[in-house]
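The values are calculated or read from the model by the stated rules, or taken from the named source; none is laboratory data. Predicted, not measured: the structure shown is a model, and the values here were computed from it. All Cβ positions, even for glycine, are placed from backbone atoms using ideal geometry, and neighbour counts span all protein chains on display.
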Amino acid sequence: MKNAPKKMSEKKYPMANDATKIIELLALIRHPEGGWFSEVYRSNESIKTEHLPERYITTHCFSTSIYFLLKNDDFSAFHRILSDETWHFYLGSPIVIFCILPDGATSKILLGNNLIEGQLFQYTIPKGCWFAAKCLYADSFSLVGCTVSPGFEFSDFELAHRQQLTEMFPQHATLIAGFTRQ
């Protein structure tokens with residue numbers, strides 16, 4: 001049939017070379033975990049350290065949000081933070097988020113704009129979970145937003161070391177090796 005609709009799996013996504021223009025337009029810079037980011041919002045009100053749970057070592061603003069872009073040839077390496085982090089899908093290829101919970105259980109979340117194929121528009125990663133991400137499709141990119149409350153501080157960020165994370169979760173050695181840079 002000449003004018004038959006394409007199957008959903010044949011849907012085209014913005015190309016990887018479009019990512020360069022988006023990086024420019026949003027003034028994104030490299031992130032230590034991989035990918036590109038820019039802080040979009042930082043609350044001008046804060047919470048003093050003594051009013052926060054003990055895991056925090058400094059005053060935090062109420063909330064922060066960033067743009068985060070991954071190209072298909074890159075990944076967000078396993079890392080964890082002290083707060084819950086909500087990821088919001090915006091544009092491009094769906095993105096796969098891999099989580100390792102403190103008890104060793106894993107989950108795989110597909111963030112995108114196709115609910116029928118099981119993709120979620122947003123997902124909240126619980127504090128203390130190790131998580132990593134990558135684009136689902138080749139020759140594309142994923143643009144998401146990340147919101148953290150209390151607001152993100154780099155002192156809350158821990159990038160995984162392959163050997164240490166593998167010692168903690170030997171059953172996930174292959175997954176960890178694929179999403180760490182050592």
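Can you pull out the residues in region 19-57 that are among the hydroxyl-bearing types (Ser, Thr, Tyr) and touching a Ser or Thr at 6+ places or on another chain (Cβ under 8 Å)?
Correct list: Tyr41, Ser43, Ser46, Thr49, Tyr56.
Here is a yes/no grid of residues against (1) more than 23 Å from Val40 (Cα to Cα); (2) in contact with a Gly (Cβ under 7 Å, 6 or more places away or on another chain); (3) hydrophobic (A, V, I, L, M, F, W, C); (4) modelled with pLDDT under 95:
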| site | (1), (2), (3), (4) |
| --- | --- |
| Pro94 | no, yes, no, no |
| Phe98 | yes, no, yes, no |
| Ser107 | yes, no, no, no |
| Leu111 | no, no, yes, no |
| Gln122 | no, no, no, no |
| Lys134 | no, no, no, no |
| Val144 | no, no, yes, no |
| Leu159 | no, no, yes, no |
| Glu167 | yes, no, no, no |
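Out of Glu153, Glu167, I need the residue that is free of Cβ contacts under 8 Å to residues at least 60 places away in the same chain and of a type outside the set (A, V, I, L, M, F, W, C). Which one?
Step by step, each of Glu153, Glu167 is checked, and only Glu167 is free of Cβ contacts under 8 Å to residues at least 60 places away in the same chain and of a type outside the set (A, V, I, L, M, F, W, C).
For region 138-179, give me the residue count where each residue is among the small types (Gly, Ala, Ser), surrounded by 19 or more Cβ atoms within 10 Å (Cβ to Cβ) and part of a strand (DSSP E or B).
1
Do you know which residues across region 97-127 are touching a residue at least 24 places away in the same chain (Cβ under 8 Å), surrounded by fewer than 19 Cβ atoms within 10 Å (Cβ to Cβ) and closer than 21 Å to Ala173 by Cα?
Leu101, Pro102, Gly104, Thr106
Restrict the check to region 3-26 and report whether at least one residue is modelled with pLDDT of 90 or more, of a type in the set (D, E, K, R) and in a strand (DSSP E or B).
The answer is no; no qualifying residue exists.
I need the full set of residues from region 76-108 which are farther than 24 Å from Phe154 by Cβ, of a type in the set (A, V, I, L, M, F, W, C) and assigned to a strand (DSSP E or B), in order please.
Phe89, Leu91, Val96
Could you pull out the residue among Thr124, Thr106, Thr147 that is farther than 19 Å from Leu69 by Cβ and within 11 Å of the chain's Cα centre (by Cα)?
Thr124
Among the residues of region 34-41, is there at least one that is touching a helix residue (DSSP H, G or I) at 6+ places or on another chain (Cβ under 7 Å), more than 25 Å from Ile116 (Cα to Cα) and either surrounded by fewer than 18 Cβ atoms within 10 Å (Cβ to Cβ) or modelled with pLDDT of 95 or more (or both)?
Yes; the residues of region 34-41 include at least one that is touching a helix residue (DSSP H, G or I) at 6+ places or on another chain (Cβ under 7 Å), more than 25 Å from Ile116 (Cα to Cα) and either surrounded by fewer than 18 Cβ atoms within 10 Å (Cβ to Cβ) or modelled with pLDDT of 95 or more (or both).
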